[in-house]
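The values are calculated or read from the model by the stated rules, or taken from the named source; none is laboratory data. What you are looking at is a predicted structure, and each value in this text was computed from that prediction instead of being measured. With ideal geometry, Cβ positions are generated from the backbone for all residues, glycine too; neighbour counts draw on all protein chains shown.
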Amino acid sequence: MGAFASITAFEWGLLCVAAFGIGISKSGLSGISMVHVMVFAYVFGALQSTGVVLPLLIIGDISATIAFGRHANWSYISKMLPPAMAGVTLGWLFMLHMEESIYRPVIGSIILALTVIQIVRLWRTSFLESVPHTRWFALAMGILVGVTTMMANAAGPVFAIFLLSLSVPKMEFVGTGAWFFLLLNTLKLPYSYQMGLIRLETLTTNLVLIPLIPLGLLVGKAIVGRIPQKTFNTIILLFTAIAAIRLMI
């Protein structure tokens, strides 16, 4: 059982908070996802934690599609999913052959750069106005989403930047992300299983934490429902910047 058999009461408390945070992040506040990334990495180690988190993310995605799925824009999903799966395969290859200490700062730097560009676009709307609507932008962002979700379970902020750059309304933002990540995370399962990251003990741990995810989603839904669109965009960018910096350090 290894580390799974020796989880302390304090660590269980952290894991419960992190599982609750997964639910909140699935309500659209994607930058909060770095909380559970950090907590699970602290308890299980960075690589092993990805296998523990993935089934929990899928439960969160299912809950989010029930709550917000009717608002999804499937044109964005269809554009992003194929390159994202290519990115998942690329990320899987990186995980087999590259040290995590190398790829995490690179991912963080890219996300932070995208965040800065989006902040500039909010101040000067004409800056790179046509870029988000180009085919190559969706292709590049899709690949980046796939790489980051496979290697660090940190694709939420990347996908958020993609949708924000297109000025997607708040509820459409959440519904599109819910369906996109349900499909993407489900397709990631064979990769994580092949690497031995999903096992009986990881699934047992999941069973304990699953009930907290819908509770977090309900809290997040209540928060998002009361946030004006402009404030929502600002919060997403702030959380995204924090997530990027955390990856870098």
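Within region 221-229, can one find any residue that is buried (at least 19 other Cβ atoms within 10 Å of the Cβ), part of a helix (DSSP H, G or I) and touching a helix residue (DSSP H, G or I) at 6+ places or on another chain (Cβ under 8 Å)?
Scanning region 221-229 turns up at least one residue that is buried (at least 19 other Cβ atoms within 10 Å of the Cβ), part of a helix (DSSP H, G or I) and touching a helix residue (DSSP H, G or I) at 6+ places or on another chain (Cβ under 8 Å).
Given the criteria more than 20 Å from residue 232 (Cα to Cα) and surrounded by fewer than 18 Cβ atoms within 10 Å (Cβ to Cβ), does residue 45 qualify?
Yes.
Would you mention how many residues in region 54-80 are under 24 Å from residue 237 (Cβ atoms) and out of contact with any Lys or Arg (no Cβ under 7 Å at 6 or more places or on another chain)?
So the answer is 10.
Read through the list (1) without any contact (Cβ under 8 Å) to a residue 40 or more places away in the chain; (2) surrounded by 15 or more Cβ atoms within 10 Å (Cβ to Cβ), then give the number of the only condition that residue 200 fails.
It is condition (2) that residue 200 fails.
Among the residues in region 196-205, are any assigned to a helix (DSSP H, G or I), within 19 Å of the chain's Cα centre (by Cα) and not small (Gly, Ala, Ser)?
Within region 196-205, not a single residue is assigned to a helix (DSSP H, G or I), within 19 Å of the chain's Cα centre (by Cα) and not small (Gly, Ala, Ser).
Of everything in region 118-161 that's modelled with pLDDT under 65 and part of a helix (DSSP H, G or I), which residue is farthest from residue 79 (Cα to Cα)?
Filtering region 118-161 for residues that are modelled with pLDDT under 65 and part of a helix (DSSP H, G or I), the one farthest from residue 79 (Cα to Cα) comes out as 123.
Name the pairs whose Cβ atoms lie under 6 Å apart, with the first residue in region 17-39 and under 12 Å from residue 216 (Cα atoms), the second of a type in the set (Lys, Arg) and part of a helix (DSSP H, G or I), and 6 or more positions between them or separate chains?
27/221
Report the residue count in region 165-174 for those that are in a helix (DSSP H, G or I) and either without any contact (Cβ under 8 Å) to a residue 60 or more places away in the chain or surrounded by fewer than 22 Cβ atoms within 10 Å (Cβ to Cβ) (or both).
Counting residues in region 165-174 that are in a helix (DSSP H, G or I) and either without any contact (Cβ under 8 Å) to a residue 60 or more places away in the chain or surrounded by fewer than 22 Cβ atoms within 10 Å (Cβ to Cβ) (or both) gives 4.
What's the number of the condition residue 245 fails, among (1) in a helix (DSSP H, G or I); (2) modelled with pLDDT under 90; (3) surrounded by 16 or more Cβ atoms within 10 Å (Cβ to Cβ)?
The number of the failed condition is (3).
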